[in-house]
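Here the structure comes first, spelled out in C-alpha cells, and everything after it is commentary.
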Amino acid sequence: MRKILLMSLITILTIVLTHGLALAITGQCSNCHTMHNSQDGVGVVQTYANGVITLGVSTPQNYLLLASCIACHAGSTGQTNSFGAPIVVHTTDPVSQGAGNTLAGGDFHWVATGLGATDSMGHNVSGLAAVDVAISANIGNNPPGWHPAATLGFAFGQVAGGEANWNSQLSCDGTYGCHGQHSSSGITGAHHGNTGLTSNRCNVADTVGNSYRFLGNIFGLERSDWNWAETSVNHNEYYGVNDTSNRNQTSTSYANTNTISFSCAECHGYFHSRIDDTTTGSPWLRHPTDVDLPASGEFQYYNPPTNVYSVEAPIARPTVPASSSDTVTPGTDIVMCLSCHRAHGSPYADLLRWDYTTMQAGVGNSDTGCFTCHVNKNVDQGDN
C-alpha cells in the first residue's frame, strides 16, 4: 500500500512539474513552427533582408521554424509583430528610442537601414544585410576591446572559441553571438524554458531559459513588455557589483560573471577590466563599469531635480529586486555599460542613449545625458 501511495504521489508530482514547465511558453505551436513549410503549394517561411520582410519563402529553416532570429523579431511598427515576438528591428523608422518607440535594447533599424547607417549605430549582426558591407576596416569582425580570454572556462562557453581574430561576423546567438550558449547549440530550446513571459526576477541563471533575456548566467528583472512603456517606476532592473579590485592594466580578471556589464565584457573585455591605472582605482583610463555611483560630490545629486531613477541613464542594483523602483541610492547603486549604451542600437553614434556631441560642460543647457550623473559639470546648480 505504501509503495502504491508513494508511486501515486510521484506520478502526481511529475505531472504538476511537467505542466508547470509546459506553461513556460504559451500559444499554438504553429505560431513559431511549420512541419513542411508548405501551404497550398506555397512556402510559409518569413525572411528579412535590407529592411524588407518577405513572406512565403520556400527555403525551410532549422528546427522547423517559421523564421530566422532576425525575421522573427522584425516588424514595421509597435511593440510586437504578427508572431507575437518583441520587435528589435523595425522596418519603419522608430523616430526615437525609449518608451513607446523601442524596447529596452534600442533597435537595429539605425544600423541596418537607417539614414547614414553605419556600424557605429548598432551591433553589426550578420543578416542585417546593409551593415554586412559597412563593417569598419580598422576593426574587421573583432568587437572593439576584444579580450580572447574573457570567457575562458565560462559555463556557457567561450566566445569565438577564444580566437585572437574572429573568423565570423557577430550573430544573435551561438559561438559568435550574445544570447544563449557560446557554441553551436546557441539558444536552442530556450524559448520553451523561458521564465520571463511575465515580469520575472532572474537571480539563478543556471540555464539559458532562466537567464536574463537568454543571456547565459546573467541576472536581472525583466518587465513583461520589455520596457516598451518604461517609466522611472516601472522598468527593467539590472544587476551590478562594486568591483574595484584588480581592475587595472595588468589584470583582466572578472570577479563576477552574473552582471549585465560582464555580458558586454564577454566581447568587449578590455573595456570592462582595464579601467584604471592603479589598484586604487584612480586615475580612470576608461569610464568605470561595475563600480558604485559615489555618494559624495556631484554624484549624490543623480538626475536632478527629482533624483529618481532615470530611464535615459539607468543604474544597476547590487541585489536583483523583486520589483522595480524609482529610488536611486548613490554609494550603493552601480554604474554599468547600459547606463550609457543600448544593447542593440540607437540613433546616435556608439549605440549611445543620447547625442554625445550636444554634451557641453559648463553651459548649463540640460540635466540629461552625461549630466544625469556628472551634475557639477553643468553650471545650472539651482536644482540640486
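Can you pull the one-decimal nm distance between simple spin-label points at Cys29 and Asn242, each 7 Å off the Cα toward Cβ?
5.2 nm
Based only on Cα atoms, what mean projected area does the convex hull of the range 259-384 have, in nm²?
8.3 nm²
Arranged by the count of other C-beta atoms within 10 angstrom, fewest first, what order do Met336, Met359 take?
Met359, Met336
Over all directions, what mean area does the Cα convex hull of the range 141-384 project, stated in square nanometres?
About 13.0 nm², averaged over all directions.
Counting only residues 5 or more places away or on other chains, whose amide H sits under 5 Å from the amide H of Val291 once H atoms are built in the peptide plane?
Asp243, Val335
Compute the relative contact order of the range 141-384 as a whole-number percentage, counting only Cα pairs closer than 8 Å that sit 6 or more residues apart in sequence.
15 percent
Order by neighbour count: His109, His182, fewest other Cβ atoms within 10 Å first, most last.
Ranking His109, His182 by Cβ neighbours within 10 Å, fewest first, gives His182, His109.
Only Cα pairs under 8 Å and at least 6 apart count here; give the relative contact order of the range 61-122 as a rounded whole percent.
Computed value for the range 61-122: 21 percent relative contact order.
Calculate the FRET efficiency for Glu163 and Ser184 from the Cβ-Cβ distance with a Förster distance of 22 Å, rounded to the nearest 0.05.
It comes to 0.90.
To make sure I understand, if each residue's beta carbon is the centre and we count other beta carbons within 10 Å, what order do Phe299, Phe156, Phe219 fall in, fewest to most?
Sorted ascending by nearby Cβ count, the order is Phe299, Phe156, Phe219.
Convert 20 °C to kelvin, take the viscosity as 1.002 mPa s, use the Kirkwood radius over C-alpha pairs of the range 45-130 as Rh, and evaluate the Stokes-Einstein diffusion coefficient in µm²/s, rounded to a whole number.
For the chosen part, D equals 164 µm²/s.
Taken together, the values in this text are just the output of simple stated rules run on the coordinates, not laboratory data. In this text the structure is predicted, and so the values were computed from the model without any measurement. With ideal geometry, Cβ positions are generated from the backbone for all residues, glycine too; neighbour counts draw on all protein chains shown.
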